Amino acid sequence: MDSKITDSLTQFNTLGLKADCFRLVRAKQDAELLAVCLQAFKQQEPLLLIGGGSNIVLTETFQGTAVLVETKGIEVSQDDQYYYLKVEAGEVWHELIKFCLDNEMPGLENLALIPGSVGAAPIQNIGAYGVEFAQFCDWVEYLDLPSGQIKRLNGSDCEFAYRESIFKNALRNRAVILRVGFMLPKAWQPNLSYGPLQELSERTQGITPREVFNCICETRMAKLPDPALLGNVGSFFKNPVVSQQKFNALKQQYADIVGYHLEDSLVKLAAGWLIDKAGLKGVSVGDASVHLKQALVIVNKGECTGQDVCNLAKLVVDRIYEEFGVMLEVEPRIIGATGQKELADA
């Protein structure tokens with residue numbers, strides 16, 4: 001186990017926030033990951049698990065152990081209908097998608113360029129362009145901290161919903177995800193229902209998985225800033241879901257409002273449209289700013305703090321509620337001195 005005292009987590013969060021922790025551990029092997037997490041839990045020490053660092057806002061010194069999950073490995077098997085993948089938690093999500101395409105196992109390409117690790121994907125039930133992680137999840141294996149046992153949940157038991165899972169709720173602070181199982185159907189069907197992919201669907205000739213992948217990558221690179229150049233965590237706010245009645249009322253006032261109809265007479269609104277319509281692009285608190293090209297993104301213009309980011313997020317939430325009567329929720333985890341907390345408490 002490679003561990004050291006550190007005074008900085010700056011390079012391990014994609015917002016580039018300057019933050020400290022009491023101890024940093026880089027867990028490259030399964031046994032190392034199990035040992036350090038169980039030790040911290042038994043000693044009632046605050047524990048922060050970091051994959052790609054693309055879904056956290058560090059607001060102050062973390063008074064415990066931060067663990068970088070760097071376990072690697074991909075195993076593949078198959079039957080007549082599916083490819084089955086067993087993937088270690090520390091694998092980079094985008095690299096997994098490239099591996100699948102290189103080995104002619106499509107399905108995940110709509111989720112290309114989502115930052116982060118495979119182990120983080122089930123927690124948020126990551127999704128983009130009409131596809132969610134849950135659609136391909138066979139199982140999730142995790143360390144149950146209270147019992148010290150390794151357990152496995154079938155995908156159907158993970159309580160997946162829009163940006164939600166059992167790991168954000170009942171198993172929060174109790175589970176360390178170790179590896180994930182995927183089922184990729186051999187009978188590939190492209191999902192071309194969202195955004196620029198709709199243009200591909202108009203073609204008369206067949207669409208290839210690589211074309212979908214390239215389209216997604218080009219779109220994301222054009223709309224979203226590279227964290228290596230401008231610190232960010234990607235989409236900062238969830239797309240809010242409202243009733244059909246609420247949507248109809250908003251539609252009367254804002255004819256160009258963007259919404260996607262769901263089941264049960266619900267409509268998912270485009271949070272980016274709401275923020276843009278409220279005139280919040282470019283609005284700043286300290287060095288935290290709403291991105292000028294994509295209103296869903298909060299960026300670090302240089303020396304912003306986690307508190308700057310949270311204060312800006314609160315400003316956006318309040319403004320959207322005042323303007324539209326719609327409450328936004330943040331996607332990233334707000335991390336305080338001893339662990340995750342709500343935006344309102346930051």
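The values are calculated or read from the model by the stated rules, or taken from the named source; none is laboratory data. Quick caveat: nothing in here was measured; it's all calculated off a predicted structure. Every residue, glycine as well, gets a Cβ built from its backbone with ideal geometry; the counts of neighbours run over all protein chains shown. Calculation scope for accessible area: heavy atoms of the full protein, side chains included, ligands and nucleic acids excluded. Shrake-Rupley method; radii C 1.70, N 1.55, O 1.52, S 1.80 Å.
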Leading residue by the ranking (surrounded by the most Cβ atoms within 10 Å (Cβ to Cβ)) among those in the range 171-204 that are within 30 Å of residue 73 (Cβ to Cβ) and out of contact with any strand residue (DSSP E or B) (no Cβ under 9 Å at 6 or more places or on another chain): 190
task: Assess whether residue 29 counts as being open to solvent by 60 Å² or more (accessible area, probe 1.4 Å), over 17 Å from residue 144 (Cβ atoms) and over 23 Å from the mean Cα position of the chain (by Cα).
output: yes
message: If I ask for residues that are assigned to a strand (DSSP E or B), open to solvent by less than 40 Å² (accessible area, probe 1.4 Å) and in contact with a Pro (Cβ under 8 Å, 6 or more places away or on another chain), which ones from the range 53-71 would you list?
response: 56, 57, 62, 64, 65
- request: Mind counting the residues in the range 34-52 that are of a type in the set (Gly, Ala, Ser) and either surrounded by fewer than 15 Cβ atoms within 10 Å (Cβ to Cβ) or modelled with pLDDT of 95 or more (or both)?
  value: 2
- prompt: Considering only the range 192-224, how many residues are of a type in the set (S, T, N, Q) and closer than 22 Å to residue 294 by Cβ?
  reply: 4
- request: Name every residue in the range 72-92 that is out of contact with any helix residue (DSSP H, G or I) (no Cβ under 6 Å at 6 or more places or on another chain), outside any strand (DSSP E or B) and open to solvent by less than 50 Å² (accessible area, probe 1.4 Å), in order of residue number.
  value: 73, 90
query: What are the residue pairs meeting all of these: first residue in the range 307-326, first residue without any contact (Cβ under 8 Å) to a residue 60 or more places away in the chain, second residue open to solvent by less than 10 Å² (accessible area, probe 1.4 Å) and assigned to a helix (DSSP H, G or I), Cβ atoms under 9 Å, and 6 or more apart or on different chains?
result: 319/275; 320/271; 320/274; 320/275; 323/274
statement: Of the residues in the range 148-170 that are within 22 Å of residue 93 (Cα to Cα), open to solvent by less than 70 Å² (accessible area, probe 1.4 Å) and modelled with pLDDT of 95 or more, the one that is farthest from the chain's Cα centre (by Cα) is 153
- prompt: Could you say which residue among 233, 212 is among the β-branched types (Val, Ile, Thr), part of a helix (DSSP H, G or I), modelled with pLDDT of 90 or more and out of contact with any strand residue (DSSP E or B) (no Cβ under 6 Å at 6 or more places or on another chain)?
  reply: 212
message: So in the range 241-253, with the set limited to residues that are without any contact (Cβ under 8 Å) to a residue 60 or more places away in the chain and outside any strand (DSSP E or B), which one is surrounded by the most Cβ atoms within 10 Å (Cβ to Cβ)?
response: 247
- request: Looking only at the range 312-340, count how many residues are open to solvent by 60 Å² or more (accessible area, probe 1.4 Å) and in a helix (DSSP H, G or I).
  value: 5
- prompt: If you check 277, 268, 238, which single one turns out to be open to solvent by 30 Å² or more (accessible area, probe 1.4 Å), under 21 Å from residue 127 (Cβ atoms) and of a type in the set (Lys, Arg)?
  reply: 268
task: Please give the number of the condition residue 308 fails out of (1) closer than 22 Å to residue 55 by Cα; (2) within 20 Å of the chain's Cα centre (by Cα); (3) buried (at least 19 other Cβ atoms within 10 Å of the Cβ).
output: (2)
field: Failed item in (1) among the charged types (D, E, K, R); (2) at pLDDT below 95; (3) in contact with a helix residue (DSSP H, G or I) (Cβ under 6 Å, 6 or more places away or on another chain), with residue 109 passing the rest
entry: (2)
